[in-house]
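Some notes on the structure that comes next.
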């Protein structure tokens, strides 16, 4: 019985050690490296890849300085409601409410000009700034 318990405990310890050294264990650290590679490999006129990478960072509240660079890069290529709204999100996270409001307004104008009718996400964000 003691031998069985010892074998079981050893197996668990070795399994835990093997898992801890596995690359899958450190997915978050590699996530941002993968985002950097995707952005680096994107074409000069690709505004969507830097935007998508920045969205991940802003959502996670990680790698924020690089996220800002990617947002600005996306806007420089093509100003869209999506990247303007994300810049508003970034600014709001940094308590720059007046600037965030201005970018939310720009995003709202873009949506109106495109004929979109769903503004609820931006409206909620604008209302949250006033609290």
Given 59, 106, 111, which one is part of a helix (DSSP H, G or I), out of contact with any helix residue (DSSP H, G or I) (no Cβ under 7 Å at 6 or more places or on another chain) and free of Cβ contacts under 8 Å to residues at least 60 places away in the same chain? 59
For residues that are in a helix (DSSP H, G or I) and more than 13 Å from residue 92 (Cβ to Cβ), tally how many sit in the range 114-131. 2
Please give the number of the condition residue 128 fails out of (1) touching a helix residue (DSSP H, G or I) at 6+ places or on another chain (Cβ under 7 Å); (2) within 23 Å of residue 62 (Cβ to Cβ). (1)
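Every read-out reported here was derived from the displayed coordinates using simple, explicitly stated rules and does not represent laboratory data. As the structure is a prediction and not an experimental result, all values here were calculated from the model. Neighbour counts run over all protein chains shown; Cβ positions are idealised from the backbone, glycine included.
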